[in-house]
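Quick notes on the structure that follows.
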């Protein structure tokens with residue numbers, strides 16, 4: 001059993017897969033699409049990865065814009 005993590009964005013979807021012991025996960029691919037509303041190819045690729053890595057569960061995250069705070073001396 002493995003867990004797939006998806007970071008869903010408007011133009012890209014980051015994909016990570018856990019190891020079989022569910023201890024760590026590694027980023028394996030960034031799926032890019034030309035238009036925000038065109039999801040079929042992205043979903044087809046996710047389905048291929050689910051089968052390839054024998055994924056049992058999916059965790060979905062939404063990336064947020066991160067503001068960096070610089071503390072300069």
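Any read-out appearing in this document is the output of simple, stated calculations on the displayed coordinates, not a laboratory observation. Note that this is a predicted model, so its numbers are computed, not measured. Every residue, glycine among them, receives a Cβ derived from its backbone with ideal geometry; neighbour counts consider all protein chains shown.
Looking at residue 46, is it surrounded by 12 or more Cβ atoms within 10 Å (Cβ to Cβ), over 11 Å from the mean Cα position of the chain (by Cα), in a helix (DSSP H, G or I) and touching a residue at least 24 places away in the same chain (Cβ under 8 Å)? Considered against the rule, which asks whether it is surrounded by 12 or more Cβ atoms within 10 Å (Cβ to Cβ), over 11 Å from the mean Cα position of the chain (by Cα), in a helix (DSSP H, G or I) and touching a residue at least 24 places away in the same chain (Cβ under 8 Å), residue 46 comes out as no. Residues in the range 1-21 that are touching a residue at least 40 places away in the same chain (Cβ under 8 Å) and in contact with a helix residue (DSSP H, G or I) (Cβ under 8 Å, 6 or more places away or on another chain) were compared, and the one that is farthest from residue 42 (Cα to Cα) is 2.
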